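Novice: Structure in structure tokens, see below.
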Amino acid sequence: TGLKAVAAMLALLATGQSWRTSLGAGVGLAQVGEFAFVVTLLGVESEVFERSTYERFVLLAIGSLIATPVLIRWGLRWIDEVPCDSQAELKRQSPNSSGHVIVIGAGPIGKSIVERLQAAEEAAVLVDLSPVNLHAFDQLGVQTIAGDASKVEVLELAGIDRAKKVVISVPDDGVARNIVLQVRSMNDTAGLLVRCRYQENINSLLSAGADRVVSEEEQASLAFQKVL
């Protein structure tokens with residue numbers, strides 16, 4: 001577990017992340033993976049080590065999996081505290097154009113939106129809590145910012161005052177609403193599109209300032225109706 005955390009930290013350091021961010025993400029990834037159970041079982045069957053050693057490893061692995069939520073929460077605190085290394089890094093990451101689109105959330109939906117914006121040659125800034133999620137986009141030349149999008153300083157880095165559109169695609173409706181409120185307090189003219197999980201939260205997001213809300217439940221219902 002400790003070796004995996006160190007390996008993840010070194011890998012992130014090699015990509016240019018700060019040591020605090022790398023350590024935080026490394027701790028969050030420290031749990032033993034499920035594939036390790038298969039490997040150790042094969043070791044027992046091949047008589048590489050004794051079954052008692054395998055049983056001790058299983059206990060350690062289960063313990064690390066149980067501790068995973070705590071490790072991730074602790075690691076994310078480190079990432080949140082230092083979204084970038086220095087003021088020079090903040091300036092480097094801040095977009096230098098106006099009329100761009102801010103995409104918040106680097107999941108599958110955020111990824112597809114950024115790809116579409118790139119195809120249309122529109123400037124985009126991608127914001128996500130985890131620098132690990134952003135690394136692949138960095139390699140493609142997309143401007144990225146690691147941090148909590150409900151915080152003023154992170155939105156300022158993304159150039160919220162100059163953005164023409166903001167797309168919010170995060171998996172928690174409560175978090176999405178907090179981001180909507182913060183965005184609207186800093187830019188009351190940008191088009192604001194929000195993804196939400198539950199249809200019952202649409203009105204809450206609209207009242208917070210969203211221009212349009214796309215509900216996963218509603219879209220799934222429409223998809224089923226087309227199939228039936």
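The values are calculated or read from the model by the stated rules, or taken from the named source; none is laboratory data. Everything quoted here is computed from the prediction, not taken from an experiment. A quick note on method: Cβ atoms are made from the backbone with ideal geometry, for glycine too, and the neighbour counts reach across all protein chains shown. These area figures cover heavy atoms from the full protein model, side chains too; ligands, DNA and RNA do not enter into them. Shrake-Rupley method; radii C 1.70, N 1.55, O 1.52, S 1.80 Å.
Novice: With within 16 Å of the chain's Cα centre (by Cα), at positive phi and open to solvent by less than 10 Å² (accessible area, probe 1.4 Å) as the only criterion, which of Gly159, Gly147 stands out? Explain how you work it out, then say what you get.
Specialist: Values: Gly159 fails: within 16 Å of the chain's Cα centre (by Cα).
From the options Gly159, Gly147, the qualifying one is Gly147.
Novice: For the condition β-branched (Val, Ile, Thr) and over 16 Å from Val101 (Cβ atoms), what is the one hit in Val175, Val183? Give the derivation first.
Specialist: On the way: Val183 fails: over 16 Å from Val101 (Cβ atoms).
Selected residue: Val175, the only one of Val175, Val183 that is β-branched (Val, Ile, Thr) and over 16 Å from Val101 (Cβ atoms).
Novice: Let me ask another. Residues of segment 162-174 being open to solvent by less than 60 Å² (accessible area, probe 1.4 Å) and without any contact (Cβ under 8 Å) to a residue 60 or more places away in the chain, which ones?
Specialist: Asp173, Gly174
Novice: For residues in segment 106-115 being crowded, with 19+ Cβ neighbours inside 10 Å and assigned to a helix (DSSP H, G or I), which is modelled with the lowest pLDDT?
Specialist: Checked segment 106-115; the qualifying residue modelled with the lowest pLDDT is Gly110.
Novice: A follow-up question, please. Could you count how many residues in segment 116-144 are surrounded by 14 or more Cβ atoms within 10 Å (Cβ to Cβ), of a type in the set (D, E, K, R) and not in a loop (DSSP other than H, G, I, E, B)? So that I can check it myself, show each step before the final result.
Specialist: Taking segment 116-144 first, the residues surrounded by 14 or more Cβ atoms within 10 Å (Cβ to Cβ) are 117-118, 122-135, 137-138, 142-144.
Keeping just the survivors that are of a type in the set (D, E, K, R) gives 122, 128, 138.
With not in a loop (DSSP other than H, G, I, E, B) added as a condition, the list becomes 128, 138.
Count: 2.
Novice: Tell me whether segment 196-209 contains one or more residues that are polar (S, T, N, Q), without any contact (Cβ under 8 Å) to a residue 60 or more places away in the chain, open to solvent by less than 60 Å² (accessible area, probe 1.4 Å) and under 21 Å from Pro108 (Cβ atoms).
Specialist: yes
Novice: Of the residues that make up segment 165-175, is at least one of a type in the set (S, T, N, Q), within 22 Å of Lys111 (Cα to Cα), outside any helix (DSSP H, G or I) and in contact with a Gly (Cβ under 6 Å, 6 or more places away or on another chain)?
Specialist: Going through segment 165-175, the residues of a type in the set (S, T, N, Q) turn out to be 169.
Subset that is within 22 Å of Lys111 (Cα to Cα): 169.
Cutting the leftovers down to outside any helix (DSSP H, G or I) gives us 169.
After this cut, where a residue has to be in contact with a Gly (Cβ under 6 Å, 6 or more places away or on another chain) as well, the list is 169.
Within segment 165-175, one or more residues are of a type in the set (S, T, N, Q), within 22 Å of Lys111 (Cα to Cα), outside any helix (DSSP H, G or I) and in contact with a Gly (Cβ under 6 Å, 6 or more places away or on another chain).
Novice: Output the number of the condition that Val194 fails; it satisfies all remaining conditions of (1) modelled with pLDDT of 95 or more; (2) part of a helix (DSSP H, G or I).
Specialist: Every condition holds for Val194 apart from (2).
Novice: While we're on this one: Hey, does segment 181-190 have a residue that's in contact with a helix residue (DSSP H, G or I) (Cβ under 9 Å, 6 or more places away or on another chain), part of a loop (DSSP other than H, G, I, E, B) and under 15 Å from Val114 (Cα atoms)?
Specialist: Checking segment 181-190: not a single residue is in contact with a helix residue (DSSP H, G or I) (Cβ under 9 Å, 6 or more places away or on another chain), part of a loop (DSSP other than H, G, I, E, B) and under 15 Å from Val114 (Cα atoms).
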